[in-house]
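Trainee: There's a structure below that I have some questions on.
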Amino acid sequence: MEIPVAYSLLLLLLHLQIFTSESQSSPPTVCILGSGIGGSSVAHFLRTYSDPSQPQVGSIRIFERHGVVGGRMATVTVAGDTFESGGSILHPKNYHVLNFTKYLNLTVKKPSAESDSSFGIWDGNKFVFKTLTSNCRLQILRKIVSIANSVLIFLRYGFSLFRMENFVEGSVNNFLKYYEGLESRPVFEDVEQMLKWSGLFNLTTRTLEEELTDAGLSTTLIQELVTVITRINYGQSVSMSGLAGAVSLAGSGGNLWSVEGGNWQMAAGLINCSNVELHLGEEIDSLSHFGEQYDLKTTKGTNYSCEVVVVATPLDELNIHFVPGISIPPRKLQHTHTTFIRGLLNLSYFGFRSLSDIPELVGTIETSVVPFSSISILKRHSDHDMTYKMFSRSQMEDDLLDQIFSVRNETIKIDWAAYPVYQAPEVFAPLVLDGRHLYYVNAFENAASTMEASAVSAENIARLILSRLTFEARPVSHLGSARDTSKMHSEL
């Protein structure tokens, strides 16, 4: 009677050993909601930082409710020409997206020469400031006009311009800490900790206007030039929180760039290179956690199971049903209405007799009598045929457009839930929504909303996933030997 018992115990031990071996050989599946720069970056960094000899994650699924990848990076075609309709500009010190562009062999689109563009600030009745315009093709004359415009700007705003530059430079230098080596840069478990480590947290507790006033900027500069910049980049006033405002000002500097053919190609390229199972046109309806797994149900009725879920899209205007429920601070999204027009501006609307008197970029101050935030020329087809891009906080109705434009051959209107409405002091959603393995990339957006900020948050989320998955087994020491982001400065 003892032999069958021993035999049964032996079979049980063998079964347990086989089961344990199979479990160890099956790393967890990761589901990512959103195919924008945040979601695609998470997939990229998970693959980059995962130990190749023993991967910590298995299959990666990305769910995109729309029919194309890219999220808020998108393009629009106007009369055969392609233009950015979502996230448009990138800073020369956006090292993650620069690295993506290089890694994916994408082409950087150089900015147009600053001396070629004219600029004006419109208050609804007149231009309170306007630079000189030159249509001359001689380079020396263009240079003279550029110098004259610099003098005009200094005469109006004075040394406050240098104080603004110092304020922006200090903020950018603190942000650069997020590119330090993996050994010296912690894995952050919440946004507040992440911001305090870099020295940026205090900027989220006060308004941009308060920060700039304390920095010694003049009221004229804040109410005019700074306001124009925040209205263009975030559709908001200088009452927005300070860090987002600083990022907005940084986005108005020189050497800004984009990806030739569309910034969305970064997301598409990272997904293609990260061994991802892509589900286009599949919107998640509910997300439930049972045992060790998350069950995802799409609006089409399809079910998926994952051990790790990353939400890489703003939850503010989505109706995903979470079981058990999650708690995030209430947040409104700022809708930016982008209108593309191929036609011609109406001279009488601006009180001019010559089209050359209208600046190529028309910014606006904070006043209720101005129905738009900015109008800029994207392409000059001829002296009487141009493509314009207009930003506004509400949709531009046709009768209003007909007042501003004398000719409209083509009009395309786009409504973007573009970024949070920034209000100091900012309150942040958790990076881990349930204390287990439900992560939220867009929690960082309450600090600042840019393509690079999404990539920075995504990189931290990827490290956080790997460290928490392997915490009980062993430290994540291999992360230090992965591709070190501290080398980005020299590589790029």
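Trainee: Which of the trypsin sites (Lys or Arg not before Pro) found in the stretch 267-340 are loop residues per DSSP with 16 or fewer other Cβ atoms within 10 Å of their Cβ?
Mentor: Listed in order of number, the matching sites are Lys300, Lys332.
Trainee: Rounded to the nearest 0.05, what FRET efficiency is calculated for Asp295 and Leu138 with R0 set to 60 Å and r the Cβ-Cβ distance?
Mentor: So, using R0 = 60 Å, E works out to roughly 0.30.
Trainee: Which cysteines does the chain leave without a neighbouring Cys Cβ under 4.7 Å?
Mentor: Cys136, Cys273
Trainee: Let me know the volume per residue of the alpha-carbon convex hull for the stretch 276-433, in Å³.
Mentor: Here the figure is 174 Å³ per residue.
Trainee: Sort largest first and round to whole Å: the equivalent ellipsoid semi-axes of the stretch 158-252, each the square root of five times a Cα gyration tensor eigenvalue.
Mentor: Equivalent ellipsoid semi-axes, largest first: 26, 13, 11 Å.
Trainee: If you build the Cα gyration tensor of the chain and take the root of 5 times each eigenvalue, what three semi-axes come out, in whole angstrom, biggest first?
Mentor: Ellipsoid half-lengths, sorted descending, are 48, 24, 20 Å.
Trainee: For Leu161, what is the net charge nearby, where nearby means another residue's Cβ is under 13 Å from its Cβ and Lys, Arg count +1, Asp, Glu -1?
Mentor: My count for the surroundings of Leu161 gives -1.
Trainee: Under 16 Å from the 7 Å Cα→Cβ point of Thr302, by amide nitrogen: which residues of the stretch 28-51?
Mentor: 30-35, by backbone N distance to the label point.
Trainee: Just to be sure I follow the definition: excluding the sites themselves, where is the longest run in the chain that has none of the chymotrypsin sites (Phe, Trp or Tyr not before Pro) in a DSSP loop with at most 14 other Cβ atoms within 10 Å?
Mentor: The segment 160-351 is the longest one with no such site.
Trainee: Is any residue of the stretch 338-362 close enough, with backbone N under 19 Å, to a label point placed 7 angstrom from the Cα of Arg408 along the Cα-Cβ axis, and if so, which?
Mentor: From the stretch 338-362, the list is 338-351, 362.
Trainee: For the chain, give the percent of accessible area contributed by carbon and sulfur heavy atoms, probe 1.4 Å, rounded to a whole number.
Mentor: With neighbouring chains kept in place, the figure for the chain is 53 percent.
The values are calculated or read from the model by the stated rules, or taken from the named source; none is laboratory data. None of these values were measured; they are calculated from a predicted model. Don't worry about glycine lacking a Cβ; one is built from the backbone with ideal geometry, like all the others, and counts go over all protein chains shown. Only protein heavy atoms, including side chains, enter the accessible area calculation; ligands, DNA and RNA are left aside. Shrake-Rupley method; radii C 1.70, N 1.55, O 1.52, S 1.80 Å.
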